[in-house]
Amino acid sequence: MLPTIAWENEAVVMIDQRKLPQKEIYLRLKSVEQVARAIENMTIRGAPAIGLAAAYGLALAVRQVKSGKNLSQAFGKAYERLWRTRPTARNLFWALNRMRVVFEKNRERGLEALKEILLVEARKMDEEDLAMNMKIGEYGQKLISSGDTVLTHCNAGGLATAGYGTALGIIRAAVAQGKKIKVLADETRPLLQGARLTCWELEREGIPVTLITDNMAGYLMKKGEISLAVVGADRIALNGEVANKIGTYSVAVLAREHHLPFYVAAPLSTFDFSLETGAGIPIEERQPDEVRKIGSKLITVPDLPVRNPAFDVTPARLISAIITERGVLRPPFGPAIKKLARK
């Protein structure tokens, strides 16, 4: 399994996902600002992974405080900076709030104690994420049969988590059970996370994967070449509506048209229990050049107006099941999700 992010010698270490698959480069980030920029520019991406980055970023901020007099100000400034990085992924805010609770609970213990306490908490979240994703894989692999061809969208693998994956974790678990499966990974424009990251992860592990463009899925479904689709999530509302990488909605519509299962895999930290429906999920709009260019190469008219929403929301009626570390949720999702919220 790939270590996506780690703490090493007073620095947050992460693989630069912008360089993959051509180069495998690890960066050592030594300031909160560097961590925040890494989240914003997608050096690290994937909802669980950016939550972990934010947790380590807060631990880093406190470890760099020289005097207890500046502790609350430094923590608050780091918290606000990380909060502003990306608006859609729920895990980011879940992680920040969890770290804030630990900070407030232990503030009276003093600066040196807090330095260790917050780092321990960030590492604990890292370990928990790995364990949660393995449980998701354990539950989800039961929905895949030997001989299936699984369509994925974007990258919900080790690179998007602590190192195992949600959607790809299910695929990994199925392979570990001896099931003979194939994966179709669509490109996932505009930043090609499927082509660059999902294919790289699966190829490294010897899991059969074929790359397709985003607009081929319907044709292949019609031909009977796809058995099911499984994707990750960035935020899930109480009614089961799911925000995920732009294009997920299209895949779900196609799966419904062709009577194929469409599964979502996500830990409970992705659920937003404050939102009744997906209509309240903020959708990030990213820079136009991500669409105008592939890498550094311009592919259209310079300065052409562009729309670049990074996510869309899939209605609950199109989702066959949501797979969590607590088990598989089936529609109607509202009662099951509200029960989880009460717990």
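Every number here is computed from the coordinates shown, using simple stated rules; none is lab data. Small disclaimer: the values here were computed from a predicted structure and weren't measured. Cβ: placed from backbone, ideal geometry, glycine included. Neighbour counts: every protein chain shown.
Structure notes:
- Fewest-first sequence of Ile44, Ile136 by Cβ atoms within 10 Å of each Cβ: Ile44, Ile136
- At full extension, Leu27 and Arg107 could sit 25.7 nm farther apart than now, given 0.36 nm per residue minus the alpha carbon distance.
- Helical contribution to [θ] at 222 nm, DSSP H n ≥ 4, -39,500 (n - 2.57), averaged over the chain, rounded to 500: -12000 deg cm²/dmol
- At full extension, Thr277 and Ser146 could sit 43.6 nm farther apart than now, given 0.36 nm per residue minus the alpha carbon distance.
- Residues Thr248, Thr149, Thr43, Thr161 arranged by fewest to most Cβ contacts within 10 Å: Thr149, Thr43, Thr248, Thr161
- Computed over the chain with a Gaussian network model linking Cα atoms closer than 10 Å, the most mobile of Arg256, Arg189, Arg172 is Arg256.
- Across all Cα pairs in segment 5-134, the calculated P(r) in 5 Å bins from zero up to the longest distance comes to 2, 11, 23, 24, 21, 11, 5, 2, 1, 0 percent per bin.
- Segment 143-342: relative contact order as a whole-number percent, Cα under 8 Å and 6+ apart: 20 percent
- Percent antiparallel among DSSP beta bridges (both partners in the chain, rounded to 5): 55 percent
- Note on Asn215 and Lys339: with the Förster distance fixed at 45 Å, the Cβ-Cβ geometry gives a FRET efficiency of about 0.70.
- Relative contact order for the chain, counting Cα pairs under 8 Å that sit 6 or more residues apart, in percent: 16 percent
- Set of segment 320-343 residues, backbone N closer than 17 Å to the point 7 Å along the Cα-Cβ line of Ala131: 324-327
- Ranked by how many other Cβ atoms sit within 10 Å of their own Cβ, fewest first, the residues His259, His153 fall in the order His259, His153.
- Flagged links, alpha-carbon separation over 18 Å, of Lys77/Lys124; Lys19/Lys293; Lys23/Lys124; Lys179/Lys245; Lys30/Lys124; Lys30/Lys115: Lys77/Lys124; Lys23/Lys124; Lys179/Lys245; Lys30/Lys124
- Efficiency of FRET between Arg123 and Asn97 - r from beta-carbon atoms, R0 22 angstrom, step 0.05: 0.80
- Calculated log₁₀ intensity ratio I(q)/I(0) where the Debye formula runs over C-alpha points of the chain, q = 0.11 Å⁻¹: -0.69
- In loop segments of segment 264-296 as defined by DSSP, there are no trypsin sites (Lys or Arg not before Pro) with at most 14 further C-beta atoms inside 10 Å of their C-beta.
- Ordering of 205-211, 96-102 by packing [mean C-beta count within 10 Å, highest first]: 96-102, 205-211
- Close amide H partners of Arg235, meaning residues 5 or more places away or on another chain with modelled amide H under 5 Å apart, are Arg90, Ala243.
- Among Ala255, Phe271, Ile207 - extreme Cα towards positive end, dipole of the chain, charges at beta-carbon: Phe271
- For segment 73-215, the relative contact order comes to 18 percent (Cα pairs under 8 Å, sequence separation of at least 6).
- Distance between the pseudo-spin-label points of Glu284 and Arg326 (7 Å out from Cα toward the beta carbon): 2.6 nm.
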